[in-house]
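Read through the structure below, which is laid out as structure tokens, and then see the notes.
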Amino acid sequence: MSYALSPYLVDIDKARAAVASGDDKLRRMIGGRFKQQMAHADAWFADELGQGAPSRYEALRAVVAGGPFDAAHAFQYGYAYQMICEFHGRWLFNNDFSPFRSGWLERVDEGLREVGVTAVAVTDFMYGSVPAPLPRPDMLPSYGEWTAEQCAEGLAQWEAAAPGKREGLDPEVLAAVESCVDWMRQARAREGHGVVAFGH
């Protein structure tokens, strides 16, 4: 089975602040921007909607309102939060992580550690937790984040690494590590921004 990561450069505090904000204007703006995407998602999850899951827009409404939530269909609120992150942020290049097979993120984390980068780990994006009070999905999407501080520290660790350590990595792993470095570099260039990613 293969998976994919959808990473975004975003002001994490701003995205989290949308949850339970009651900001109807923001909800309408997000709903308008992603109207076609939400219709496609509802068609894709038609079976789940038939079993009582909220539509994508209903899930977005609940996320912005702070509830009510149906934990049995927690995945919809995770995807609604992804729309919030996409609305406030910018998608990042993810070719090294779309698709990927089981064990790939662990290999990339090993590569990061081999070059001395310990501030971040791509497995964080599979085992993190969506902001409270959203129910954590039992299934996808997974979620995780690298704060602005973690990105700055990870980038400093990369820049301090001896070139020989980088050259010793498997070329595929090195390419993925360099993608992570690029994400952190972009985060450092935007004050207060970090990286979030959703696993599918």
Tally, over segment 97-109, of residues that are touching a Ser or Thr at 6+ places or on another chain (Cβ under 7 Å), surrounded by fewer than 19 Cβ atoms within 10 Å (Cβ to Cβ) and assigned to a helix (DSSP H, G or I): 1
Quick one: in segment 1-38, which of the residues that are within 18 Å of the chain's Cα centre (by Cα) and hydroxyl-bearing (Ser, Thr, Tyr) is farthest from Tyr79 (Cα to Cα)? Ser2
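Every residue, every condition in (1) surrounded by fewer than 17 Cβ atoms within 10 Å (Cβ to Cβ); (2) on the phi > 0 side of the Ramachandran plot; (3) among the charged types (D, E, K, R); (4) not in a loop (DSSP other than H, G, I, E, B), yes or no:
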residue	(1), (2), (3), (4)
Ile84	no, no, no, yes
Phe93	yes, no, no, no
Gly111	no, no, no, yes
Thr118	yes, no, no, no
Ala121	no, no, no, no
Met126	no, no, no, yes
Glu145	no, no, yes, yes
Filtered residue count, segment 147-180, keeping only those that are touching a residue at least 60 places away in the same chain (Cβ under 8 Å), surrounded by 16 or more Cβ atoms within 10 Å (Cβ to Cβ) and not hydroxyl-bearing (Ser, Thr, Tyr): 6
Members of segment 110-130 found to be aliphatic (A, V, I, L, M) and either in contact with a Leu (Cβ under 9 Å, 6 or more places away or on another chain) or at pLDDT below 95 (or both), listed by number: Val115, Val117, Ala119, Val120, Ala121, Val122, Met126, Val130
Extreme residue, farthest from Asn95 (Cα to Cα), among residues of segment 4-53 that are surrounded by 14 or more Cβ atoms within 10 Å (Cβ to Cβ) and among the charged types (D, E, K, R): Asp23
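So that you can scan it fast, the table gives a plain yes or no per residue for (1) closer than 23 Å to Gly192 by Cβ; (2) touching a strand residue (DSSP E or B) at 6+ places or on another chain (Cβ under 6 Å); (3) modelled with pLDDT under 95; (4) among the polar types (S, T, N, Q):
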site	(1), (2), (3), (4)
Arg28	no, no, no, no
Gly32	no, no, no, no
Gln36	no, no, no, yes
Arg56	no, no, no, no
Leu60	no, no, no, no
Val64	yes, no, no, no
Ala71	no, no, yes, no
His88	yes, yes, no, no
Glu106	no, no, no, no
Just to be sure, is Ala132 among the aliphatic types (A, V, I, L, M) and buried (at least 17 other Cβ atoms within 10 Å of the Cβ)? no
Look through segment 54-79, keep the residues that are farther than 17 Å from Leu140 by Cα and of a type in the set (Gly, Ala, Ser), and return whichever of them is surrounded by the most Cβ atoms within 10 Å (Cβ to Cβ). Ala62
Let me confirm something: among Phe69, Phe93, Phe75, which residue is touching a helix residue (DSSP H, G or I) at 6+ places or on another chain (Cβ under 9 Å), under 27 Å from Arg185 (Cα atoms) and of a type in the set (Phe, Trp, Tyr)? Phe93
Just to be sure I understand the filter: pairs with C-beta atoms under 7 Å, separated by 6 or more residues or on different chains, first member in segment 116-130 and closer than 17 Å to Gln82 by Cα, second member of a type in the set (Asp, Glu) and not in a loop (DSSP other than H, G, I, E, B). Which pairs pass? Gly128/Glu145
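The values are calculated or read from the model by the stated rules, or taken from the named source; none is laboratory data. Since this is a predicted model, take the numbers as computed values, not measurements. Here Cβ is always computed from backbone atoms with ideal geometry, including for glycine, and neighbour counts include all displayed protein chains.
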